[in-house]
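To keep things clear, I will list the structure first and then write my remarks on it.
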Amino acid sequence: MNLISVEQCRGARAMLDWSQSELATAAGVSRATVVDFERGARIPHRNNLDAIRNALEAAGVEFIPENGGGPGVRLARRSDGK
């Protein structure tokens, strides 16, 4: 699994209208882990970063890899095409 950037994490959270606490709960990590990551104080352990990414993906976020224009984030298309 690829790592996510601070900007992708903040953007994904904004798209979902989640607080840092809501993300922490969904990912099963401490709020401090999310706060420190998003302010650039530290990169979480790999298992915590994977948990954050998994929680965001489970909520409908799709991470876009670097493709010449920089990495990004978007809401995944729902199965009903919307």
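FYI, it's all coordinate maths here, none of it is from the lab. In this text, all values refer to a predicted model and were calculated from it rather than measured experimentally. So basically every Cβ, Gly included, is an ideal-geometry build from the backbone, and we count neighbours across all protein chains shown.
Tell me, please, whether a residue that is hydrophobic (A, V, I, L, M, F, W, C) and free of Cβ contacts under 8 Å to residues at least 24 places away in the same chain can be found in the stretch 12-23. Scanning the stretch 12-23, I find at least one residue that is hydrophobic (A, V, I, L, M, F, W, C) and free of Cβ contacts under 8 Å to residues at least 24 places away in the same chain, so the answer is yes.
Within the stretch 11-48, the only residue that satisfies the criterion of being closer than 17 Å to VAL73 by Cα, surrounded by fewer than 17 Cβ atoms within 10 Å (Cβ to Cβ) and touching a helix residue (DSSP H, G or I) at 6+ places or on another chain (Cβ under 6 Å) is GLU38. What tally of residues in the stretch 27-74 results from selecting those that are among the β-branched types (Val, Ile, Thr) and more than 13 Å from LEU3 (Cα to Cα)? Total meeting the criteria: 5.
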